[in-house]
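Step one of this worksheet: look at the structure below.
What follows is calculated from the coordinates using simple rules that are stated; it is not laboratory data. Note that the structure is a prediction, hence the values are computed from the model and not measured. Glycine gets a Cβ as well: all are built from the backbone with ideal geometry, and neighbour counts include every protein chain shown.
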Amino acid sequence: MINPASLSRCIADISAILGDDRVTTNTEDRHCYSYDGSNVTHLPDAIVFPQSTEQVSRVMERASHHRIPVVPRGAGSGMTGGIVPVAGGIVMAMAGMNKIIEIDADNQIGIVEPGVVTGDLQKAVGRLGLMYPPDPASLSYCTIGGNAAECAGGPSAVKYGVTKDYIIGLEVVLPSGSIINAGARTEKSVVGYDLTRLFIGSEGTLGIITKLIVRLLPLPPHKETFLLSSSSLARTTGLVARILNAGISPCTLEYMDKTAIRIVADMMSSPPPSTTQAMLIVEIDGEKSVVRERVARLRELLAQEDGFAVTHAVNREEIDHLWQARRAISPACFKLKPHKISEDVAVPRSRIPELVAEIETLSAELDLIMLSFGHAGDGNIHVNIMLDRDDPDEMQRAAVAKKKVFEKAIGLGGTLSGEHGIGLSKAPYLAMEVNAETMAVMKQIKKLFDPHNILNPGKIFPQ
Ligand SMILES: Cc1cc2nc3c(=O)[nH]c(=O)nc-3n(C[C@H](O)[C@H](O)[C@H](O)COP(=O)(O)OP(=O)(O)OC[C@H]3O[C@@H](n4cnc5c(N)ncnc54)[C@H](O)[C@@H]3O)c2cc1C
């Protein structure tokens, strides 16, 4: 519980540091900063807008002194309630710290503030012939800081990996206000514990990221895009592992089931036939000659497979429409029902057919609209369970479905979250995957960094 007198003193102290125009307690603003892409909301008491590491540090020192909770926030596109200030207190809006400080093309690194929008960084480095690979579907609005805190991934992860593979150094403000540096601006560095990796995926619970050193790659000169559709769900999901084992090395291997296709089909230039049960987007990039050879291998593989319609998308507009459609699946789900539970379990990719079959079974048995889509290449399947929160019976059936999806994923050797993190919505299920000893170590780490539990309290661990 927050002591109201301490809260007032803390807000006054912070106003003196940032200036009154960078602190708000206005009710409309508090509502705007009370939610993310999950189903949970909670009003903060104040929102603060720092502009520098030094200001973040001074704010944290005051919050720590007064024992007021602080929740760092990027764009608020998280799917697990990570930015929801469940204990009240202060939301620290980091989106305004959005400078690309440096792009060192010779050494293929970038130094950025956490509020830089991921897609903006990609465009900026792209102009120099470079690439920042992590490409969450939310890339046109999510921030690098939020990506680091969630270890975001995207379609290109199948070839290029996820956010943790591209962040080599961090500047972080701890809950006490201390500023620490982790990592280096070199490709290799083995100097003490790897604190960079510890902060990546820590969901804003250990420190506030104020600067990031990111690795860049040369932009591949050539890419080919294919759409494979089939009237068999099992055959389509089964093909994923065979493509990956055939030496084709796709840079994208995305999957959509029939419901996902249906809700975005009107956005595609050439939607697949209505009999389609599932579809894969396969992209291959690299030097032109290498791509040609891998495309030939893909065609050879498909010649041995039964019943796939293959579309080679060559027109830029057609490819852009296809990606707009893919990225729109999550919001387009609301065409089906007013609310949803979005899960992002991951399984070893050879087990995807079993996971997807279970989703079909649960949907029929529990009479729920459930759809699956996502990054099949790395076994990360988004499962959306559609519901109406005004229907308590449907809510209850959806909760059963969610738990059963988790049990199935873990039973298949998988994990509760491939990229959205635990946040609030998965915290009650953490013990399904993490044993008591492991959780105890995680809690000790949290306590070491945040002894007064003021930084993003209530997240990750079951309450
Ligand atoms: C339509 C849609 C599609 C999506 N597709 C993908 C996808 O393909 N892949 C994927 O991985 N995710 C996806 N997401 C989820 C989301 O976009 C990512 O989790 C993203 O990384 C969140 O970034 P953000 O800036 O919005 O962070 P926020 O939602 O603001 O915050 C997320 C977490 O990061 C913490 N945080 C934010 N900034 C900082 C900071 N500077 N220091 C410390 N902690 C911080 C917050 O406290 C919170 O716990 C999608 C979301 C939507 C709505």
Fill in: Cβ-based net charge around residue 186, under 12 Å, with every Lys or Arg adding one and every Asp or Glu removing one
+1
Worksheet item: Taking only DSSP H segments of four or more residues, each worth -39500 (n - 2.57), what value at 222 nm results for the chain once the sum is divided by all its residues, to the nearest 500 deg cm²/dmol?
Response: -10500 deg cm²/dmol
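If Lys and Arg each add +1 and Asp and Glu each add -1, what is the summed charge of the other residues whose beta carbon sits under 9 Å from the beta carbon of residue 225?
Result for the local shell: -2.
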Worksheet entry | Computed lengthening from residue 444 to residue 369, 0.36 nm per intervening residue step minus Cα-Cα distance | 22.9 nm
Item to complete: Would you kindly derive the ³J(HN,Hα) couplings of segment 345-356 from the backbone phi angles with the Karplus curve 6.51 cos²θ - 1.76 cosθ + 1.60 (θ = phi - 60°), listing them in order in whole Hz, with x for Gly and Pro?
Response: 4, 10, 10, x, 4, 5, 9, 4, x, 5, 5, 5
Worksheet item: Sequence-distant or interchain residues sharing an amide H contact under 5 Å with residue 167, placed H: which?
Response: 215
Worksheet item: Which order do 156, 231 fall in if you start with the one that has the fewest other Cβ atoms within 10 Å?
Response: 231, 156
Worksheet item: Where does each of 267-274, 51-58 land if you order them by average Cβ count within 10 Å, highest first?
Response: 51-58, 267-274
Response to the item:
Computed about the Cα centre, the charge dipole of the chain from +1 Lys/Arg and -1 Asp/Glu charges at the Cβ has a magnitude in debye, to the nearest 20, of 500
Worksheet item: How much net charge surrounds residue 94 when only other residues with a Cβ under 10 Å from its Cβ are counted (Lys, Arg +1; Asp, Glu -1)?
Response: 0
Worksheet entry | Cut-off under 5 Å, modelled amide H: who pairs with residue 70 long-range | 90, 455, 456
Discussion item. Loop-only trypsin sites (Lys or Arg not before Pro) in segment 380-460, please: DSSP not H, G, I, E or B, and at most 16 other Cβ atoms within 10 Å.
Written reply: 389
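Within 10 Å of each residue's Cβ, count the other Cβ atoms and sort 225, 361, 276, 143 from fewest upward.
361, 225, 276, 143
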Discussion item. Cα atoms only: what Rg and Dmax, in Å, come out for segment 1-133?
Written reply: 16.8, 54
Worksheet item: Stretch residue 305-residue 1 to full length: gain in nm at 0.36 nm per residue minus the Cα-Cα span?
Response: 103.4 nm
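Within the chain, which is the longest segment that contains none of the chymotrypsin sites (Phe, Trp or Tyr not before Pro) sitting in a DSSP loop with at most 16 other Cβ atoms within 10 Å?
It works out to 194-463.
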Worksheet, complete the sentence: Nearest 10, in degrees from 0 to 90: the angle of helix 4-18 to the longest Cα principal axis of the chain is 80
Worksheet item: Which whole-number percent is the relative contact order of the chain (Cα, under 8 Å, 6+ apart)?
Response: 15
Fill in: Dimensionless Rg ratio for the chain, taking C-alpha atoms and the 2.2 N^0.38 Å reference
0.99
Response to the item:
Fewest to most Cβ atoms within 10 Å: 91, 191 sort as 191, 91
Discussion item. Given the options 141, 241, 259, identify the residue whose Cα lies farthest towards the positive end of the charge dipole of the chain (+1 on Cβ of Lys, Arg; -1 on Cβ of Asp, Glu).
Written reply: 241
Worksheet item: Of all trypsin sites (Lys or Arg not before Pro) in segment 76-160, which ones are in loop regions per DSSP and have a Cβ with at most 10 other Cβ atoms within 10 Å?
Response: 127
